[in-house]
Amino acid sequence: MAKDKKYSAVITGVGMYVPDKILDNAFFEKIVDTNDEWIRTRTGIRERRLLENGATSDLAAKAAQDLLKNKNISADEIDVIIVATVTPDMFFPATACLVQEKIGAKNAWGFDLSAACSGFLFAFQTGCSLVESGSYKKVMVIGADKMSSITDYTDRNNCILFGDAAAAVLIEPTEETNLGLQDSLLRIDGSGKNSLYMSGGGSLNPPTHETVDKKMHYIFQDGKAVFKVAVKGMADISYDIMQKNKLTSDDIAYLVPHQANLRIIDATAERMGLSKEKVMINIDKYGNTTAATIPLCLVEYYRDGKIKKGDKLILAAFGAGYTWGASYLVWAI
Ligand code: UT7
């Protein structure tokens, strides 16, 4: 990343939306062979949210509206909308178009970005680049997933993990280049394609009765295989970005990790030498909301007054693809 840039891209506003309906671990005890203790100790999850009516664009639009209201700006000021999601309302049009219409952002262009659990990191890098170039002044990046729409509620391996949510950030330029996104290390590796996927409905396996009968429109995850690479992938890249930017654990205010499994998060924090208080956690309340986990943490901790201007944050994720990465961000509001 160019260090001599004229503009830095900073987060200047945040918003979030989680549906009201809560699915606690007791709910899953009733529908599959599982128990609260297993779920808590293996994953860290106690509850997750379910959107009963509506689609990903509804979650995303509500998060966007929360941001606009709190920032006290009008939707027509937004230049670009990027929606990170693996549960778009439809293949096309893009969810970004549906969000644009729902919030009335009449001067915006935008698109969806598919990078599963790393979606927010990839979309954030993309949005920041548009701002750093000087081309755009207000870019909204939204991580949104209605994971319940692709979850098989008879599969105990997976159904306990996921939840529905959306969260949004507004990115704007500043000449204070010591604030905002400082660096990113982002990676993809398609050899992970057989461990975490949804194989039905796309051009490889267009929908047929057979694809539906074989439950190919649900998430498949080889949990153990993904766990091993996720632990190493997220911990290594988080450590690497610290080294590259000469950051010690004392310099870092928070690790903002993708919330897939508390044990993966703990391993990453340990590798970085961070104490528990320096790790943002809300997996207990929302489970794995895919593209929404990282911005959801940012919004909650910011609104609780736990992040302040100048705080150095490391955002880190690992997900399907494989996709993974870490970003070094200095909080600006
Ligand atoms: O977000 C994108 C990337 N995804 C991830 O990072 C997720 C990575 N994987 C994981 O987080 C973990 O692998 C899981 C939480 C999915 C599973 O935890 P685990 O410790 O790897 O469990 P396991 O798959 O090795 O299963 C251990 C045992 C098995 O029984 P046996 O074979 O030892 O008799 C499972 O059948 O636990 C059983 N099991 C369950 N038991 C009760 C699996 N799911 C459940 C369940 N309740 N819900």
Inter-probe distance in nm under a simple model that places probes 7 Å from Cα toward Cβ, at T248 and A225: 4.2
Using a Förster distance of 30 Å, how high is the FRET efficiency between K5 and K106, based on the Cβ-Cβ distance and rounded to 0.05? 0.50
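Leaving out ligands, DNA and RNA, and with a 1.4 Å probe, what % of the accessible surface on the chain is carbon or sulfur? Kindly include the intermediate steps, with their values, before the conclusion.
Working: 7280 of 14440 Å².
Of all accessible area on the chain, carbon and sulfur atoms account for 50 percent.
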State, to one decimal in nm, how far the label point of K69 lies from the label point of E29, with both points 7 Å from Cα in the Cβ direction. 3.6
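With an 8 Å cut-off on Cα pairs and a minimum separation of 6 or more residues, tell me the relative contact order of the chain in percent.
Working: 806 pairs, mean separation 83.4, N = 333.
Reported relative contact order: 25 percent.
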So what J values fall out for the range 10-27 if you push phi through Karplus, 6.51 cos²θ - 1.76 cosθ + 1.60 with θ = phi - 60°, rounded to Hz, Gly and Pro as x? 10, 7, 10, x, 9, x, 8, 8, 10, x, 6, 5, 9, 10, 8, 5, 4, 4
Counting only residues 5 or more places away or on other chains, whose amide H sits under 5 Å from the amide H of G110 once H atoms are built in the peptide plane? I81
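D for the range 8-177, whole µm²/s, Stokes-Einstein with Kirkwood Rh over alpha-carbon pairs at 20 °C and 1.002 mPa s: what number? Present the calculation step by step, with values, prior to reporting the outcome.
Values: Rh = 16.7 Å.
Rounded to a whole number, D works out at 128 µm²/s.
Given a 1.4 Å probe, how much area per residue of the chain is accessible, in Å²? Don't jump to the answer; show the numbers that get you there.
Numbers: 14440 Å² over 333 residues.
Solvent-accessible surface per residue comes out at 43 Å².
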Based on alpha-carbon centroids, what's the gap between the range 113-174 and the range 235-290 in Å, whole number please? 18
For the chain, treating each Cα as an identical point scatterer without solvent, what Debye log10 I(q)/I(0) comes out at q = 0.09, 0.13 1/Å? -0.43, -0.93
Through the Karplus equation 6.51 cos²θ - 1.76 cosθ + 1.60, θ set to phi - 60°, convert the phi angles of the range 264-274 into ³J(HN,Hα) values in whole Hz; use x for Gly and Pro. 5, 5, 4, 5, 5, 4, 5, 4, 7, x, 9
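Take the Cα radius of gyration of the range 198-333 and divide it by 2.2 N^0.38 Å, with N its residue count; two decimals is plenty.
So the Cα radius of gyration is 1.21 times the expected 2.2 N^0.38 Å.
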Do the alpha carbons of any pairs in K30/K285; K6/K309; K137/K276; K62/K228; K276/K309 sit beyond 29 Å of each other, and which pairs? K137/K276; K62/K228
With an 8 Å cut-off on Cα pairs and a minimum separation of 6 or more residues, tell me the relative contact order of the range 182-333 in percent. 34
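The values are calculated or read from the model by the stated rules, or taken from the named source; none is laboratory data. Because the structure is predicted, anything quoted here is derived from the model rather than measured. Because the Cβ atoms are built from the backbone with ideal geometry, glycine has one as well, and the counts that use them run over all protein chains shown. What goes into the accessible areas is simple: the full protein's heavy atoms, side chains included, and nothing from ligands, DNA or RNA. Shrake-Rupley method; radii C 1.70, N 1.55, O 1.52, S 1.80 Å.
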